[in-house]
Amino acid sequence: MCLGFPHFDPTLELEYVTKKDPTSEFVSTIETMEDLKSRQAEVGSNKLVVLEFWARWSVPSGCVLDSFKELAQTFTPRAEFYALDVDKSMPVASFYKVESLPTFVLLRGDNILGKVLGIDTEELKDSIEKALQEEQAAAQEEHPESANE
């Protein structure tokens with residue numbers, strides 16, 4: 001298992017993680033900024049979007065793919081999840097100033113709500129939950145009559 005630190009041996013894990021695919025029923029891939037903007041327009045500017053920047057050659061990226069898919073399954077349809085291979089999506093990675101892998105970026109419209117670096121999927125889960133709670137609180141403030149239903 002990838003999280004077997006301190007006995008982590010990347011040479012043993014490399015074959016396992018390089019065969020992983022980030023896509024699933026709940027995770028789509030994006031390669032360009034135009035693709036991202038188009039997808040955001042489809043789902044609406046108020047919906048939480050979670051981007052995962054990864055690379056096939058990055059062992060830590062491979063380690064979190066299954067967890068990312070599980071989070072996507074848990075939080076869909078309240079959030080959208082996209083995986084971006086930095087080797088195919090370098091302009092998007094540069095735009096979001098991705099410097100390490102994996103990096104997760106939480107967006108609402110054009111607003112960056114947060115970034116999670118590395119393989120701490122609990123921190124990512126907490127960040128997603130916080131963003132969704134803030135969204136729900138804002139919606140209740142905007143429409144207080146729906147909070148009483």
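Multiply the residue separation of ARG39 and MET90 by 0.36 nm, subtract the distance between their alpha-carbon atoms, and state the gained length in nm to one decimal. Show your work: numbers first, answer last.
Numbers: separation 51, 0.36 × 51 = 18.36 nm, distance 1.81 nm.
Gain on extension, ARG39 to MET90, equals 16.6 nm.
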Quick calc, GLU25 & LEU117: beta-carbon distance into FRET formula, R0 22 Å, rounding 0.05, result 0.25
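If you take every DSSP beta bridge fully contained in region 15-149, what fraction is antiparallel? Give it as a percent rounded to 5. If you can, show how the numbers build up before the last one.
Numbers: 12 of 22 bridges.
Within region 15-149, antiparallel bridges account for around 55 percent of the total.
Looking at region 54-97, which trypsin sites (Lys or Arg not before Pro) are DSSP coil and have at most 12 other C-beta atoms within 10 Å of their C-beta? Don't jump to the answer; show the numbers that get you there.
Numbers: sites: ARG56, LYS69, ARG78, LYS88, LYS97; in loops: ARG56, ARG78, LYS88, LYS97.
Filter output for region 54-97: LYS97.
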Measure of exposure for THR74: accessible area at 1.4 Å probe, Å² rounded to 10, is 90
Restricting to aspartates and glutamates and to Cα separations under 20 Å from LYS97, and discarding same-chain partners fewer than 8 apart, the set is GLU31, GLU34, ASP35, GLU52, ASP85, ASP87, ASP110, ASP120, GLU123
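What number comes out for accessible area per residue over region 81-149 if the probe is 1.4 Å? Units Å², please. Don't skip to the end; give the middle numbers.
Working: 4130 Å² over 69 residues.
With all protein chains present, region 81-149 gives 60 Å² per residue.
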For the table LYS47/LYS69; LYS88/LYS130; LYS47/LYS88, the rows whose alpha-carbon distance is greater than 22 Å are LYS88/LYS130; LYS47/LYS88
Sorted by chain and number, the residues with a modelled amide H under 5 Å from that of THR29, at a separation of 5 or more or across chains, are ALA83
Expressed in nanometres to one decimal, the distance between label points 7 Å along Cα→Cβ at GLN133 and THR32 is 4.0
Phi angles of region 26-42, converted by Karplus (6.51 cos²θ - 1.76 cosθ + 1.60, θ = phi - 60°) into ³J(HN,Hα) in whole Hz with x for Gly and Pro, give 10, 10, 10, 9, 9, 10, 10, 5, 4, 4, 4, 4, 5, 5, 5, 5, 5
Ordering PHE53, PHE95 by the accessible surface of their heavy atoms, 1.4 Å probe, largest first, yields PHE95, PHE53
Once phi for every residue in region 126-131 is put through the Karplus expression 6.51 cos²θ - 1.76 cosθ + 1.60 (θ = phi - 60°), the whole-Hz ³J(HN,Hα) values, with Gly and Pro written as x, are 4, 5, 5, 4, 4, 4
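The values are calculated or read from the model by the stated rules, or taken from the named source; none is laboratory data. Note that the structure is predicted; figures quoted are calculated from it, not measured. Backbone-built Cβ (ideal geometry, glycine too); neighbour counts: all protein chains shown. Areas reflect the complete protein model, heavy atoms only, side chains present, ligands, DNA and RNA absent. Shrake-Rupley method; radii C 1.70, N 1.55, O 1.52, S 1.80 Å.
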